[in-house]
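A short write-up of the structure that comes next.
The values are calculated or read from the model by the stated rules, or taken from the named source; none is laboratory data. None of the values given here were measured: they were computed from a predicted structure. FYI the Cβ positions are ideal-geometry reconstructions off the backbone, even for glycines, and counts take in every protein chain you see. Heads up: the accessible areas ignore ligands, DNA and RNA and are worked out on the full protein's heavy atoms, side chains in. Shrake-Rupley method; radii C 1.70, N 1.55, O 1.52, S 1.80 Å.
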Amino acid sequence: MSYSGEPIEFAAARLSGDIVETTERRVRDLGGIFEDKVAFRSADQDHIVYRVDSYAPVEPGTEGGLFFGVTHLMPGVIGREYYMTKGHFHAIRNRGEFYWGISGCGVLVLMDETRADRIEEVRPGSLHYVPGDTAHRLVNTGDAVLDVGACWPSDAGHDYSSIAEVGFSLRVLKGDAGPEIENR
Ligand code: S6P
Ligand code: ZN
């Protein structure tokens with residue numbers, strides 16, 4: 001064990017400790033992922049859409065290690081499309097991941113490299129296995145912050161470019177009677 005700092009704590013969706021890192025994604029960081037470009041341009045570009053608190057006990061790229069994170073995805077829409085994460089494949093494609101719902105409600109969008117997709121409902125206590133070779137994105141379909149835990153291999157890395165280029169094969173839109181799935 002090489003790390004001897006303050007203990008890492010995880011309680012009530014809050015990850016804390018002196019080597020916990022936070023990444024913020026604001027509206028301006030998410031250009032291209034929302035379909036309604038007019039609504040995107042008129043949105044407050046400074047508004048935080050999500051934060052990821054992560055605990056990386058080993059160097060990124062280390063084979064055999066694990067990373068732990070909690071995503072806090074705000075409620076909201078751009079046009080009719082719910083706030084969502086950028087979404088990614090892992091750079092080492094076959095690396096899988098666990099997600100679990102902590103608070104709030106939403107969906108996990110999964111898509112393989114043939115663009116075959118499926119969604120899983122995320123709610124407190126739900127557990128989700130993201131297989132290797134599968135892009136993944138969280139969508140907040142509720143009125144409260146969606147908090148989701150994750151654990152993934154430290155050598156997985158992130159490939160955002162494939163999703164930035166062609167997107168996912170479905171979108172989750174706010175309808176009059178609740179979320180609606182639109183296939184692309
Ligand atoms: C990492 C894991 C999550 C996401 C987070 C934000 O492999 O899947 O921690 O990084 O949900 O999503 P994204 O697509 O912006 O990285
Ligand atoms: Zn991932």
## Note on the structure
Any GluC sites (Glu not before Pro) in region 15-72 that lie in a DSSP loop and have at most 15 other Cβ atoms within 10 Å would be Glu63
### Task
Find, among the trypsin sites (Lys or Arg not before Pro) in region 134-177, those assigned to loop by DSSP (not H, G, I, E, B) with at most 13 other beta-carbon atoms within 10 angstrom.
none
#### Entry: Carbon plus sulfur fraction of accessible area for the chain, probe 1.4 Å, in percent
51 percent
### Summary
Note to self: with every protein chain in place and a 1.4 Å probe, region 9-183 gives an accessible area per residue in Å² of 48 Å²
## Note on the structure
Loop-resident GluC sites (Glu not before Pro) in region 113-182 with no more than 13 other Cβ atoms inside 10 Å, DSSP not H/G/I/E/B, are Glu113
### Task
Per DSSP H run of n ≥ 4, the term is -39500 (n - 2.57); total these for the chain, divide by its residue number, and report the mean residue ellipticity at 222 nm rounded to 500 deg cm²/dmol.
-1500 deg cm²/dmol
### Message
I need the Kirkwood Rh of the chain: take the reciprocal of the average 1/r across all distinct C-alpha pairs and report it in angstrom.
### Response
16.9 Å
### Summary
Given chymotrypsin sites (Phe, Trp or Tyr not before Pro), DSSP loops and at most 15 other Cβ atoms within 10 Å, the longest exposed-site-free stretch of the chain is 4-159
### region 23-45 and region 100-165: distance between their alpha carbon centers, rounded to Å
19 Å
